[in-house]
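A short worksheet on the structure shown next.
What follows draws every value from the coordinates through simple rules; no lab data is involved. In this text, all values refer to a predicted model and were calculated from it rather than measured experimentally. Don't worry about glycine lacking a Cβ; one is built from the backbone with ideal geometry, like all the others, and counts go over all protein chains shown.
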Amino acid sequence: MEPTTFAILAVILFIIISLANMAWVVPQRTVYIVERLGKYYATLEAGFHILIPFVDKVAYRHSMKEMVIDVPPQVCITKDNISVEVDGILYIQIVDPAKASYGVTRYEFATTQLAQTTMRSEIGKLELDRTFEEREKINMEIVAAVDKASIPWGIKVTRHEIKNITPPDSIKGAMEKQMRAEREKRALIAESEGDKQAKINRAEGDKQQAIALSEGEKMKRINEAEGRGQEIERVAFATAKGIREIANAISEKGGGDAVNLRIAEQYLQEFGKLAQKNNTMIIPSNLSDVAGMVGAVGKVLTATRAQAAAQPAAQAAAQPATFVPPPLKLND
């Protein structure tokens with residue numbers, strides 16, 4: 001190859017390299033840190049940019065997206081001197097690319113180490129039982145500590161999450177026994193409370209049943225008493241009505257003869273019954289004198305009627321609620 005051709009090829013290659021170093025396209029959500037002659041010059045954001053070849057240099061490339069950093073597991077000592085293994089996840093975002101480039105050598109490693117040291121410090125302030133309850137508080141403390149320390153680095157810590165808190169196997173066994181005992185205790189308490197409530201409910205039911213039975217018995221007796229009273233009252237009214245009808249019938253024409261006939265019939269019937277029984281008794285000598293017996297009964301009825309008519313009217317007015325049947329009228 002001739003020297004002239006070699007020189008032309010070298011010039012063409014130089015021009016291509018220069019053009020490649022001069023034109024830069026920055027992707028979205030990405031920034032480039034440009035140094036001019038070894039000194040910070042500019043921050044290139046998304047878009048097309050022209051740089052001076054061999055003078056300007058893209059020294060750092062940073063993503064402006066939120067980054068997720070896995071915090072490795074580490075052994076922490078709790079306040080009650082128990083070793084636990086804790087790991088987590090750290091979320092950070094670059095807010096100042098220049099500070100992220102020149103403020104710290106490796107910002108990811110720096111934030112991770114700071115998160116681990118803060119985690120050990122916060123776990124050491126708590127007892128083992130509280131470490132499981134205070135996760136949110138531990139996360140907030142780690143975020144506050146790392147965010148404050150990372151301000152000169154141009155880093156913003158958005159949040160931190162604890163993934164696992166793993167105690168030793170011996171502590172796990174003790175915790176399982178404790179939880180099992182606690183569950184059994186709660187079960188016994190719940191069972192006793194249920195039994196207590198059941199006894200209360202049964203007692204209340206028996207009480208209400210007894211009250212209902214007594215009320216029912218009371219109403220039964222009241223109803224029976226009212227029924228007996230109404231029965232007696234109706235029988236009395238019926239008897240009084242029958243007596244009035246008999247008195248009215250006797251007072252009519254021929255009523256006295258009918259009464260005498262009825263008395264004679266009943267007398268004869270009763271006499272016949274006495275004759276049928278094998279009894280020893282003393283009877284008057286004139287027992288066969290039916291006419292005399294009927295006449296005697298008639299005289300009694302006549303005397304009773306006269307005595308009732310002779311009662312003063314004032315006695316009847318003093319007892320208005322007492323029913324007095326009309327006097328009987330017998331025909332001698």
Review point. Contour minus end-to-end for Leu9 and Ala59, with contour as 0.36 nm per residue of separation and end-to-end as the Cα-Cα distance?
Key: 15.1 nm
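Efficiency by 1/(1 + (r/R0)^6): what FRET value for Arg228 and Arg262, r their Cβ-Cβ distance, R0 = 51 Å, to the nearest 0.05? Display every interim value, and only then the final one.
Numbers: r = 32 Å, r/R0 = 0.63.
The calculated FRET efficiency here is 0.95.
Give me the net charge of Pro53's neighbourhood, meaning all other residues with Cβ under 15 Å from the Cβ of Pro53; Lys, Arg count +1, Asp, Glu -1. Provide the component values of the computation, followed by the final result.
Working: positive: Arg36, Lys57; negative: Glu35, Asp56.
Spelling it out: positives minus negatives among the neighbours equals 0.
Treat the count of other C-beta atoms within 10 Å as a stand-in for reagent exposure and order Lys172, Lys57 from fewest to most. Walk me through the numbers before you get to the answer.
Values: Lys172 11, Lys57 16.
Lowest count first: Lys172, Lys57.
Please go through the range 110-200 and write out the GluC sites (Glu not before Pro) that DSSP classes as loop and that have at most 15 other C-beta atoms within 10 Å.
Values: sites: Glu122, Glu127, Glu133, Glu134, Glu136, Glu141, Glu161, Glu176, Glu182, Glu184, Glu191, Glu193; in loops: Glu127, Glu134.
Within the range 110-200, the qualifying GluC sites (Glu not before Pro) (loop, at most 15 other Cβ atoms within 10 Å) are Glu127.
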Point to revise | Relative pair counts by distance (%), Cα atoms of the range 3-63, 5 Å bins | key: 4, 18, 23, 19, 13, 8, 7, 5, 2, 0
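Semi-axes of the equivalent ellipsoid of the range 87-146: what are they in whole Å, largest first, if each equals the square root of 5 times a C-alpha gyration tensor eigenvalue? Write down the numbers at each step before the final one.
Details: eigenvalues 150, 22, 13 Å².
One finds semi-axes of 27, 10, 8 Å for the range 87-146.
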**Study point:** Highest-first arrangement of 30-43, 203-216, where packing means the average Cβ count within 10 Å
**Key:** 30-43, 203-216
Review point. For all pairs of alpha-carbon atoms in the range 67-167, what percent lies in each bin of width 10 Å, listed from the first bin to the last filled one?
Key: 17, 49, 25, 9, 1
**Study point:** Principal axis dimensions, largest first and in whole angstrom, of the range 1-151 by Cα
**Key:** 84, 31, 24
Exercise for review: Take the alpha carbon atoms of the range 94-114, find their center, do the same for the range 124-151, and report the distance between the two centers in whole angstrom.
Suggested key: 21 Å
**Study point:** Restraint check, Lys137/Lys196; Lys65/Lys137; Lys172/Lys196; Lys163/Lys196; Lys148/Lys172; Lys125/Lys196, Cα-Cα greater than 32 Å
**Key:** Lys137/Lys196; Lys172/Lys196; Lys163/Lys196; Lys148/Lys172; Lys125/Lys196
Exercise for review: Determine the dipole magnitude for the range 210-252: charges of +1 sit on the beta-carbon of Lys and Arg, -1 on that of Asp and Glu, nothing else is charged, the reference point is the Cα centre, and the result goes in debye to the nearest 20.
Suggested key: 60 debye
Check your understanding: Taking the simple approach of a point 7 Å from Cα along Cα-to-Cβ for both Ala240 and Ala210, what is their distance in nm?
Key -> 4.6 nm
Practice item. Among Gly103, Ile77, Thr118, flag the residue with its Cα farthest along the positive direction of the charge dipole of the range 35-174, charges on Cβ as +1 for Lys/Arg and -1 for Asp/Glu. Key: Gly103
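List the equivalent ellipsoid semi-axes of the range 169-251 in whole Å, largest first, each obtained as the square root of 5λ for an eigenvalue λ of the Cα gyration tensor.
Details: eigenvalues 1235, 6, 3 Å².
Each semi-axis is the square root of five times an eigenvalue, giving 79, 5, 4 Å.
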